[in-house]
Structure formats: C-alpha cells, structure tokens
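Here the structure comes first, spelled out in structure tokens, and everything after it is commentary.
A short reminder: the numbers here are calculations on the coordinates, not readings from a lab. All values derive from a computational prediction rather than experimental measurement. Here Cβ is always computed from backbone atoms with ideal geometry, including for glycine, and neighbour counts include all displayed protein chains.
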Amino acid sequence: MTPTPPLTVSALDRARKKAYWRLLPLLFLCYVIAYVDRANVAIAKLTMTKDLPGFDNAVIGFGAGVFFWGYFLLEVPGSLIVEKWSARKWICRIMITWGICAALTALVKTPMQFYVVRFMLGLAEAGFFPGIIVFLTHWFPARDRTKALALFFVATPVAQIVSPKISNALLRFGTDEIVNGVTVHHAELFGLKGWQWVYIFWGVPAVVLGVFVLLWLKDRPRDAQWLTTEEREALEAQLEADKAAGSKKRMTLMQALSHPMVLLLSLAYFCNVTGTYGIEFFLPSILQQWYSLKIDAITWLIILPPILALVTQLFVGWNSDRTRERRFHAVVPLVAACIALGLAPLTQGNKWLTIACFMVGFAGLKAYLPAFWAMPSLFLTGPAAAGSIGLINSLGNLGGFFGPAVLGKVQTVTGSFVGGIYYLAVSISVAACILFFLGLGHREKTP
C-alpha cells in the first residue's frame, strides 16, 4: 500500500501564519495601553473629584471629551503618513508622546489644565488607530482582514478587564478607608495621591512600547527578514491581487474624502462612538449613584461588560470572515446595544438587571467594529483608503467628545444620568439605520 504523501503548507499560508504571530501580539498590547490611557479618567475621577475643587461631572465629561478634538486635527495626516512613509516610525512617535502626555495628567490642578493636557493627549495619539488599520492592509489579505481586526480590537475589552483592579489598587494611595469600623489612612507615595499614580503608571508603558515598535515592526512584507523569499513574494502577490480586485474604479484622495459612503460611514461611527465613550467614561459613576457602591465593588462590576464584549467581538469577526458578510454583522450588534441601553434606566433598583443591560449594550458597541472597519476597503484602495479611514475615525471620534460631555452635563443639571442614557441609545439607533440602508457589505458571492 502506497503511503499517503504529507500535506504541504503553501508559502502564502506560512506567511499569513507568521504575520499573525509576529505582528498582532505587539499591536494588541499597544492598543491595550492606548485605550487605558484615554479612558482611565473614568476610574481616576472617583477620587480625583474629591481632591480637586471645581471638578464635577460636567468638567470631567468635557475634559474627557476634549481628547477627541486634538485627535480630530491630526488623524487624516497621520493615516497618510503611515501609507506613504513608515508605520513603525510614526507609531513609535505617537506612543512616546502620548505616554508623556498621559503621565502629565497627574500634575493638573485646575479644570483648564485638565482640558489642555487632555487636548494634548489627543494630538499625541492621533493617527494611531487608523494607522494600525492601514498597516494591517499592508500585511493581511482580504480574507484575513476582519479576523485580524477582531484580534486587534479585543484589546479594548481586555484593557477594560485588566485595568480597573490595577487602577483601584493605585487609587488607595493618599485616601482614607473604613475597615471594620476603623478609619485607615493609606499614605501617599512620593507625595502623590492615588489618582495621580493611575495616570503615571499607565503612561510609562506607552513610552517603552514605542521604542519596541521601532525595533520590532516591519512596514511591509518585503522588509521582513523573518519571512523567506518565497513567503514574501507569495504574500505581496496576494495583497496586490486583492488591491486590483477592489479597485474597479480608482479614486483620488479628495474624491474619496467627499464620497457619500465615506461621509455616511463617518456619521455612523460618530453616533456609535458617542454611545461607546458616554458609557465607558460614566458607567462607574452611574453604578455609584444608583446603588451607592464602594469603589472596590464598582471596579469588579465594570469588568463584566468587557468580558462579554471580548467573546462577541471575536465571534463576529470570525463569522463575518467565514460568511464574507459585513452589513448584518455590524447592524445586529448595534440594534441589541440600542435596546439594552434603552431598557437600562428601567432597571434601577435591581443591580444585576442593570449590569445585564450594560453588558449587552457594551458588547454590541464592540462587536460591530470588525465588520464595520472592513467596509471602507470594499470600495477604496491605497491613499484614498488610508485618507478615508483617517477621516472616518477622526470625524467619528468627535462622538467621544459629545457622549461624555452630554452625559456629564445632563447629570449636573438634572441630578440624573437617565436623560443622557436615552440620548446615547437614540444615537446608536441612528448609526444602525445608516449602516442598514447604506447598501455596503452584502454577502460576497464565492467564485
């Protein structure tokens, strides 16, 4: 009996596998730190507002959102730099400067100083997210892209799972705590209080990782010495074939930036980001107000929504690539999020029903991302795609200003978060409608 010859793995498949293991772990870790540095104000504010006069929810919400105005200004140029120059050098620059700005938040004393440092943090981080999206198109063929995006995007729920308990431990410095009826004072560390150490602790890794990015990443497969010549050629050929297949009508950068689909995707993303950051920045405060919980209990509860988001995001990314369908993989999670947030105010008085609503809402707002970010490359390539991804992200992320600002202002004026939560639910519903009627991302027919 003739033995069955061993199965051989093609050069392209070997290159694809190596790219996953070589690139995604580092990019994932960088995004974890990026997300913590922009969102850790949600935890820091729980004691920061007690130490700094004048820092109410309106100030915190406005300052948290000012980040996105700085982000907006440099987003499109940053994306084009990645496309035209060097991803690793630009991402290195971004990470070092944002790490420094994040740590400087520990020194603020007035609301205006807080606004300025948050604005500078946005300027520093601008271009990181769309730059990574563009960078992944330089490495991953179309059939792998949504899965690669999903593995990158799960950094955000992982960041929200890992960071609260670490930040909670740091918050204890310089605070008083009642233990068994006795007031215990936790000493400051080097004269700094806990909320200050939250900003410093999470800012330093960005600088270290920035240097590592410069040494580890390669801009394109042709630069990677860890691929064989055969693997490099196979991967480059597949990427070129995908680009040719997707460029039935080539657009200039300016045509792409004014394309109706690009503008509608920007509006949809704006509405979604409004909901996402509104909840992320104020969920700890909502739970504290509704249930009078201690900080330790809050930091356990806010881990639950990102755990569900982690699972759903991976599933949606995998299933979207498997079925080659993007539209419903983006719309259905958003509809679920809208319904869950709309029901959340009705659950006051039942802590676990409240948490369940926020879990579903949070999961929906994360799960749609891989399918959504696969959409621009369905009709754009090259600089047009890079610039458009930057535009979608920059305009969309302005929602990161409006969500926290509206929620914080509504709470300050009315004493309740309910009106703000309904505003977020309506915003998400608008995004779902846009993506449903856009006519983009239908299931691809297999050849």
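FRET efficiency for the pair L214 and A187, taken as 1/(1 + (r/R0)^6) with r the Cβ-Cβ distance and R0 = 35 Å, rounds to 0.35. When the chain is described by a simple charge dipole with +1 on each Lys and Arg Cβ and -1 on each Asp and Glu Cβ, the residue from Q196, P53, V273 located farthest towards its positive end is V273. With K and R counted +1 and D and E -1, the other residues having a Cβ less than 15 Å from that of K165 yield a net charge of +1. Grab the other residues whose beta carbon is less than 11 angstrom from that of F135, score K and R as +1, D and E as -1, and report the net. Surrounding charge for F135 is +1.
What does the net charge come to around E280 if you take all other residues with beta carbon closer than 11 Å to its beta carbon, with K and R at +1 and D and E at -1? Once all neighbours under 11 Å are counted, the net charge is +2. Cross-link reach is defined here as a Cα-Cα straight distance under 19 Å, omitting same-chain residues fewer than 8 places apart; for K294 the aspartates and glutamates meeting it are D51, D56, D176, E177, E280. Taking 0.36 nm per residue of sequence separation and removing the Cα-Cα distance, the L440/S416 pair yields an extension gain of 4.8 nm. The HN-Hα couplings worked out from phi for region 279-289 by the Karplus form 6.51 cos²θ - 1.76 cosθ + 1.60 (θ = phi - 60°) are 6, 4, 6, 10, 4, x, 6, 4, 5, 5, 6 Hz, whole numbers, x standing for Gly and Pro. Counting 0.36 nm for each residue step from T228 to K50 and taking away their Cα separation leaves a gain of 58.3 nm. Taken as Cα centroids, region 51-93 and region 225-245 sit 34 Å apart, rounded to the nearest whole angstrom. Quick one: which of K351/K409; K109/K351; K193/K218; K147/K409; K17/K84; K18/K89 span more than 31 angstrom between C-alpha atoms? Among K351/K409; K109/K351; K193/K218; K147/K409; K17/K84; K18/K89, the Cα-Cα distance tops 31 Å for K109/K351; K193/K218; K147/K409. Here the extension length gained between I166 and R22 equals 49.1 nm, from 0.36 nm per residue of separation less the Cα-Cα distance. Say R0 is 45 Å: what FRET efficiency, to the nearest 0.05, do A297 and A241 get from their beta-carbon distance? For R0 = 45 Å, the calculated efficiency reads 0.25.
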